[in-house]
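Trainee: First the structure, which I've put down as structure tokens, then a few questions once you've had a look.
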Amino acid sequence: MNEKVSSRQIIFLIIINRITTILTVMSTIYMSPANQDIWIIIILSFFYTMLSSIPLLYLANKFNDFTIIGYLEKIFGKVLGKGIGALYGVFFGTIAILFSYITIQMIRSSFLTDTKPGMIISVLIVICVYISSKGMGTMLSSGELFIPIILTSLIAFAFLGYKNIDLSLLLPVYKDSNFLDINIGAIQLSLIFIDIYPLTVIVPKLEDKKHINKIFVKSVCYSLLFVLMVVIVTQTGLGIEQAKHSNFPFLTYVRRIKAYSVFERIESVYTIMWISAMIIKITTYIYLSYQSFKEIFRKQKKGISLYIIGALVGLTTYYLAEINPMMVEIKPIQLSEYIYYFIFKTLIPLIALVVYLFRRKSFEKQERLGNFR
Amino acid sequence: MRKLIKKNKIIILAYILMSSILLTSCIGSRELQTLAIVTAIGLDREGEEVLITCEIINPTTASSLMSSSPTSSTNNIVFAQGKGRTVFEAIRDIPLHFDRKLFFSHSNVLILGEEFAKRGITEFMDIFLRDNEPRENLYMVVAKGVMAYEIMGVRGELSQSAGNYIYDIIENFKYNGKCVEMTMSEYYRYYYDVSNEPVIGVVEKIEKKVIDEERKKDTPTKYILDISGGAALKRDYLLGYFSEDEIFGYNFITNGIKGGLITFKTPKGLTKGAAIIGKEGEFTSVEIFYAKTKRNIEITEGKILLNIDVKLRAGLGEESKAVDVGNLEVIHILEEASSKEVKRLISATMDKGQKQFKQDNFSIGEIVHQQHPEVWKEISKDWNSIFPEISYKVNVEIDIVKTGIINVPSNLRKRR
Amino acid sequence: MIILISNNIDRNREELKNIFNNTSDLILYEFKTQSNHRALVGYIDGLIDRSGLNDNLIKPLIENLSSVKDVLSTVFIAGAKEVSKMEEISFPMTLGNVVLFIEDMERAYLFELGFWERRTVEESGSERVVRGPKEGFIEDINVNKTLLRRIIRNNNLVFEDYTVGVQTNTQISLVYIEGIAKQEILDELRRRIQKITVDGILDTAYIERYIEDAPRTMISTIGHTEKPDVAVGKILEGRIAMLCDGTPDVLTVPKVFIENLQTAEDYYSRPQYGIFLRILRIFALFTSIMLPGFFVALKTFHQEMIPTKLLMSMAKNIEGVPFTALIEALLMILFLELIKESGLRIPNNIGTAVTVVSGLVLGQTAVQAGLVGPIMVIVVATAGISEFIIPQQREMIVIYRLIILLLGGFLGLYGVACGIIVFTVHLVSLKSFGVPYMYPIAPYDREGMKDFIFLRSIKEMNYRPKAMTNNKARKRNEKVDKEK
């Protein structure tokens, strides 16, 4: 695996991960202030995203030969570092479970209504495990193949429905909500975008390591443009309130497209694109979880933890989908979930940064003695 | 040895997977031959129960595409009815006495009986939003004076089924702005606005004489459907109807005109000294190509003034009075006259909305919200009592850009 | 036991007959030279040039030979070899050499006089062009080498010969331009060839099986061609070609996915037409693999995604069809494959009649009898025709089409989408001799993309593809210095 990963591939991966966070269940519509000013929060969240990712970016720049688990171990010492690394592994696993659950629910409600979810889940997990087993290089290259197509088709869908949107629904701008609401909404939005992690794990294999910050900024900008487009089109197409009532707003919007008497009922194409995007996301998180466990338990049989993680994700999703439908909890995201994201995204790296700054002297001494690891 | 075990494992896994797919029936597919494709849905109330009528295409009759001539296809449509306390229960009542399962994704029209509409529709609309089969593009129409299934029995002229008949007439909206095209998703887009009371389409059965000599002996009259006008709802029950001209004005107010015809009396005095051949008529028709309405709210000293600015681009369609339309001044006079007519239409509708229905059917409240949000915060609760008091000013600007391929009508001789 | 050549001609003759197992086409001709020595000439009949043998070898020996040591100067043939062991004779004789024994000499001489029946160089049957050279390779490796030499007139064009095949001893030859080809690929290729142990090589496909990167996949990672200009085009980009005696197919290594879409004619026509053809081919690839599965998925699971008017006519047309959409599609694909395969084997005379019957019967009558719906026939026929547009990957297309059809029939559009994803990831993960298979799309290379769909004209393609060429020779249109 001596392949170098180009920055273009990483940018694509991060963009698609960020978009799929809100593509299916558009949780941004429920964030405060939950009215027609959502697009302002999206723009403002750029600022907060940068702010909350500073610790991770700084650490990634400093330790640009290690993944996040690697340098956590170095900073916190062996035992605590491995423990936190395992926590991160579990965190990535839960994200994978969450998104596979969302995928299954949408497929079950909209397309394959009578198929048993066990079948859908098993096919999904088998594919994700297969892609992860081929390694990072393959995953990113196939991403490079798919993602431009997915993004182009998203733009096409957004514009084909131009007859159904009514931009006047976005007025009056900024009059119904106050500054505090908008800032809270922007913070909430930036918290649920936890997609800086692919960057942190892929850093060792990156081609030009000086451009980590540029990569992140670029991907955040582009992805926010797409998110903006998708959210505005959905809100103005379905109506502000009706979009909140709908479980899968963008799908409803695509179902209504009827343009030029040729593009009618083209949601079949949208289905394929959407499934590809969700599979990319779930695969990314399964792979990240696998990488973190691989680094923690250094010697193990080739790839066995991948199958374990895949099986766990599959079984948990099945349990959630069949036995204990918690659909109602996906919607307005609870405070506990925000805190959960916050801990892993900002708090732990912040603590790591502070510890690193304190122990910097001892690190430099180790470097001079050539006593790395 | 290891390779053999590994290969065996793969084979066993594949076998388990394949047999679980092929042997059990967990596939969840639907065969096209087992579906009944519904093209129109009608909802009625019978007593306390809901009666749903579905119009289904019968595929066994025309086996090739050639033989689908309109008058001979007497039985390419079947109907199914079901009763229940809720709509879903009524739908599930149907398979008890109908051969196939209903498939709603291709229905285009939802017809609400008048009785049903008068008693409130929101509680029964949930299944159309929640289930993934019915599309949100359904056109909603109210059956005027009759039950929904009486409308559905009427055949179209050239279309295959009544569902398509109504759908096709509503699609003709761009030729004649005197009806309402409101789909369910549009209805719900504006539904949650505090001020807005929706207006949906209306459909009526009209008797008509049969022209075809062959058929006159059997059936001297037949029914056709007419969708001119609109139905005004108060929240979710039917309040009253707009007539044809009032709906025309309504479409002007809500910026919904895609085309139409304005017919007005040609102003007198233009034919002085003209060489007239034959009789001179009264009316001029002007065809609308493009219309845009801008609405502005001005609030002065606690009084709300609504400015309606309509801009039209039209072409001269028909001139029956002997007027020399090759003359630019005459065109200007005609433009004036047509704007007066549009003003009249708009005023008539606004008056009906304000005085008779006493509610805001035109989303004027939204305009106040968008343009004066602070004022809106205070008055939004009482909007329905404020709306009848607001004053309005209509301003219409028409540009006639074409006169067709002749300039002067045939009953006028052009001077040298 | 090493058998030496003896003085005695008779013993040599017995030995030679023994080595060749008394085969009937071993001709041994004894004559007396002018110096009164007995001489024995042995050759395999049919492999040599008889008149050259008579005029240039036998005649001078009979007339002019003065002493035994002057054989080489008497004979009018260039390139003689002296051998002293019997086993050094047998293999060259199978290649068309003539052996000369002389009495009292403990050595024998081998002369190259090979000449045999060969097919004339004509237009290749499977790769036809409207404009451009029409020569095709033939089964003789020397003629093929000549065909390549005549196009690349460069001292840096190198042929490397190997002999492969325990029983057949087939001669294969690597062809490349020194300085342009990548050294790592060359080394790897040589390594793999030397590891081949096989009974016989009948076609370059055998070599392909032994040296390819991923033997279990259905996608071929080594290209092949039958036309010299195509092979030269690839050699000029840094690839290595492999000729094999006895077959006109020439392998080219490494291969990337976009080569499936390229034909020689794209470059000989106007670039805009080339773009059109490329787009058509990509469309054909997608259609052929995906269309039956997509259609079956829509019809079985997602009837709401079919436009209303189409659904009405479909519903009308399939009343009375007893099968589900999946079975219909499988049936039609079966018919299609039967027609294709029998079309290959039918002798020409009954060919046309059978084609008509099969088309009528299996197509139209099946529809009228109510076995299948007409739309399914159209879908499968389109998919079947499209597969011939990309001839190099026909095997892959047929199998994948079946897989995606089954997936679509069982899991709907979700299955089709998953099938496409797995297929694409599989394609991306393949490597051909170290070059990623989806180059230049996946590891993105701007120069390589100029040859992909939006084809530029030859004038604008200034750089060779990065992954396959020596790094020093990336720019085209320049002379290459050899690395020392």
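Trainee: For region B:233-249, does any single residue satisfy the condition of being hydrophobic (A, V, I, L, M, F, W, C), farther than 30 Å from A:Pro172 by Cβ, modelled with pLDDT under 80 and in contact with a helix residue (DSSP H, G or I) (Cβ under 8 Å, 6 or more places away or on another chain)?
Mentor: No, region B:233-249 contains no residue that is hydrophobic (A, V, I, L, M, F, W, C), farther than 30 Å from A:Pro172 by Cβ, modelled with pLDDT under 80 and in contact with a helix residue (DSSP H, G or I) (Cβ under 8 Å, 6 or more places away or on another chain).
Trainee: Another question, if that's okay. Can you run down the residue pairs with Cβ atoms below 8 Å, 6 or more apart or on separate chains, where the first is in region A:257-276 and more than 9 Å from every other protein chain (Cβ to nearest Cβ) and the partner is among the aliphatic types (A, V, I, L, M)?
Mentor: Taking only residues 6 or more apart or on different chains, the pairs are A:Ile257/A:Leu160; A:Ile257/A:Ile266; A:Ala259/A:Leu160; A:Phe263/A:Leu160; A:Phe263/A:Ile257; A:Tyr270/A:Leu251; A:Tyr270/A:Val254.
Trainee: Here's a follow-up. So if I check each of A:Leu251, A:Leu224, A:Leu228, which one is under 28 Å from C:Phe294 (Cβ atoms), touching a residue at least 24 places away in the same chain (Cβ under 8 Å) and of a type outside the set (Ser, Thr, Tyr)?
Mentor: Details: A:Leu224 fails: under 28 Å from C:Phe294 (Cβ atoms); A:Leu228 fails: under 28 Å from C:Phe294 (Cβ atoms).
Answer to the check: A:Leu251.
Trainee: Looking only at residues that are outside any loop (DSSP other than H, G, I, E, B) and within 10 Å of chain B (Cβ to nearest Cβ) in region A:165-179, which one is farthest from A:Ile240 (Cα to Cα)?
Mentor: The selected residue is A:Ser168.
Trainee: Looking at (1) in the same structural domain as B:Lys118 (by TED's automatic domain parsing); (2) among the basic types (Lys, Arg); (3) within 30 Å of B:Met125 (Cα to Cα), find the lone condition where B:Lys258 falls short.
Mentor: Among (1) in the same structural domain as B:Lys118 (by TED's automatic domain parsing); (2) among the basic types (Lys, Arg); (3) within 30 Å of B:Met125 (Cα to Cα), the lone unmet condition for B:Lys258 is (1).
Trainee: Scan C:Ile172, C:Ile207, C:Ile196 and give me the residue that is crowded, with 16+ Cβ neighbours inside 10 Å, closer than 18 Å to C:Ile141 by Cβ, in the same structural domain as C:Val232 (by TED's automatic domain parsing) and in contact with a helix residue (DSSP H, G or I) (Cβ under 6 Å, 6 or more places away or on another chain).
Mentor: Checking each option against the conditions leaves just C:Ile196.
Trainee: Check off (1) modelled with pLDDT under 85; (2) touching a strand residue (DSSP E or B) at 6+ places or on another chain (Cβ under 7 Å); (3) crowded, with 19+ Cβ neighbours inside 10 Å; (4) not in a loop (DSSP other than H, G, I, E, B) for B:Arg189 and give me the number that stays unchecked.
Mentor: Failed condition: (2).
Trainee: Taking helices (runs of 4 or more DSSP H) that fall entirely within region B:297-396, which contain at least 3 residues that are surrounded by fewer than 18 Cβ atoms within 10 Å (Cβ to Cβ)? Show your work before the answer.
Mentor: Working: elements: B:328-351, B:364-371, B:373-379, B:383-386.
Correct list: B:328-351, B:373-379, B:383-386.
Trainee: Can you pull out the helices (runs of 4 or more DSSP H) entirely within region A:263-373 that have at least 1 residues that are among the aliphatic types (A, V, I, L, M) and either over 24 Å from the mean Cα position of the chain (by Cα) or modelled with pLDDT under 85 (or both)?
Mentor: Working: elements: A:267-296, A:304-318, A:335-342, A:348-358, A:360-368.
Ranges flagged: A:267-296, A:304-318, A:335-342, A:348-358.
Trainee: Another question, then. Looking at C:Gly363, C:Gly370, C:Gly293, C:Gly384 in this structure, which one is over 25 Å from C:Phe410 (Cα atoms), assigned by TED's automatic domain parsing to the domain that holds C:Ile421 and among the small types (Gly, Ala, Ser)?
Mentor: Exactly one of C:Gly363, C:Gly370, C:Gly293, C:Gly384 is over 25 Å from C:Phe410 (Cα atoms), assigned by TED's automatic domain parsing to the domain that holds C:Ile421 and among the small types (Gly, Ala, Ser), namely C:Gly363.
Trainee: Determine whether C:Leu148 is part of a helix (DSSP H, G or I), out of contact with any Gly (no Cβ under 7 Å at 6 or more places or on another chain) and either outside the structural domain of C:Gly42 (by TED's automatic domain parsing) or modelled with pLDDT of 85 or more (or both).
Mentor: In short, yes.
Here is a yes/no grid of residues against (1) within 21 Å of B:Ser107 (Cβ to Cβ); (2) crowded, with 17+ Cβ neighbours inside 10 Å; (3) in contact with a Phe, Trp or Tyr (Cβ under 6 Å, 6 or more places away or on another chain):
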| residue | (1), (2), (3) |
| --- | --- |
| C:Met314 | yes, yes, no |
| C:Phe323 | no, yes, no |
| C:Leu326 | no, yes, no |
| C:Ala329 | no, yes, no |
| C:Ile333 | no, yes, no |
| C:Ile350 | no, no, no |
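Trainee: C:Val175 versus (1) of a type outside the set (Phe, Trp, Tyr); (2) over 24 Å from C:Leu47 (Cβ atoms); (3) assigned to a loop (DSSP other than H, G, I, E, B): which is the lone unmet condition?
Mentor: With respect to (1) of a type outside the set (Phe, Trp, Tyr); (2) over 24 Å from C:Leu47 (Cβ atoms); (3) assigned to a loop (DSSP other than H, G, I, E, B), C:Val175 is out only on (3).
Trainee: In addition: Got at least one residue in region C:208-224 being assigned to a helix (DSSP H, G or I) and over 23 Å from C:Pro436 (Cβ atoms)?
Mentor: no
Trainee: Let me ask something else. When the residues of region A:5-27 are filtered to those that are of a type in the set (S, T, N, Q) and farther than 16 Å from A:Leu154 by Cβ, which remaining residue is nearest to the chain's Cα centre (by Cα)?
Mentor: Per the criteria, the residue is A:Ser27.
Trainee: Within region C:373-429, how many residues are polar (S, T, N, Q) and without any contact (Cβ under 8 Å) to a residue 24 or more places away in the chain?
Mentor: The number of residues fulfilling the criteria is 2.
Trainee: Same structure again: I'm checking my understanding of the structure. Among residues of region A:99-122 that are free of Cβ contacts under 8 Å to residues at least 24 places away in the same chain and surrounded by fewer than 21 Cβ atoms within 10 Å (Cβ to Cβ), which one is farthest from A:Leu59 (Cα to Cα)?
Mentor: Checked region A:99-122; the qualifying residue farthest from A:Leu59 (Cα to Cα) is A:Asp114.
Trainee: When you scan region C:284-294, do you find a residue that is facing another protein chain (nearest Cβ under 10 Å) and either out of contact with any strand residue (DSSP E or B) (no Cβ under 7 Å at 6 or more places or on another chain) or surrounded by 19 or more Cβ atoms within 10 Å (Cβ to Cβ) (or both), even just one?
Mentor: Filtering region C:284-294 down to residues facing another protein chain (nearest Cβ under 10 Å) leaves C:290, C:294.
Filter once more, keeping what is either out of contact with any strand residue (DSSP E or B) (no Cβ under 7 Å at 6 or more places or on another chain) or surrounded by 19 or more Cβ atoms within 10 Å (Cβ to Cβ) (or both): C:290, C:294.
Yes: one or more hits.
Trainee: Being at pLDDT below 85 and either surrounded by fewer than 20 Cβ atoms within 10 Å (Cβ to Cβ) or under 22 Å from B:Arg119 (Cα atoms) (or both) is the requirement here; does B:Thr266 meet it?
Mentor: The answer is no for B:Thr266.
Trainee: Can you tell me which residue among B:Asn164, B:Asn132, B:Asn196 is surrounded by 15 or more Cβ atoms within 10 Å (Cβ to Cβ), within 21 Å of C:Thr308 (Cβ to Cβ) and within 14 Å of chain A (Cβ to nearest Cβ)?
Mentor: Details: B:Asn164 fails: within 14 Å of chain A (Cβ to nearest Cβ); B:Asn196 fails: within 21 Å of C:Thr308 (Cβ to Cβ).
Only one candidate passes the filter, namely B:Asn132.
Trainee: With the checklist (1) at pLDDT 85 or above; (2) touching a Lys or Arg at 6+ places or on another chain (Cβ under 6 Å); (3) not aliphatic (A, V, I, L, M) in hand, flag the one item B:Gly82 doesn't pass.
Mentor: Condition not satisfied by B:Gly82: (2).
Trainee: Given the condition outside any loop (DSSP other than H, G, I, E, B), over 13 Å from the mean Cα position of the chain (by Cα) and not hydrophobic (A, V, I, L, M, F, W, C), answer yes or no: does some residue in region C:255-262 qualify?
Mentor: Within region C:255-262, one or more residues are outside any loop (DSSP other than H, G, I, E, B), over 13 Å from the mean Cα position of the chain (by Cα) and not hydrophobic (A, V, I, L, M, F, W, C).
Trainee: Which one of these does B:Ile257 not meet: (1) within 30 Å of B:Tyr192 (Cα to Cα); (2) in contact (Cβ under 8 Å) with a residue 24 or more places away in the chain; (3) assigned to a strand (DSSP E or B)?
Mentor: Looking at each condition in turn, B:Ile257 falls short on (3).
Trainee: OK, next. Based on what the data block shows, is C:Leu326 within 30 Å of B:Phe104 (Cα to Cα) and either modelled with pLDDT of 80 or more or under 30 Å from the mean Cα position of the chain (by Cα) (or both)?
Mentor: Answer is yes for this residue.
The values are calculated or read from the model by the stated rules, or taken from the named source; none is laboratory data. Because the structure is predicted, anything quoted here is derived from the model rather than measured. Here the Cβ is made from the backbone with ideal geometry for all residues, glycine too, and neighbour counts use every protein chain on show.
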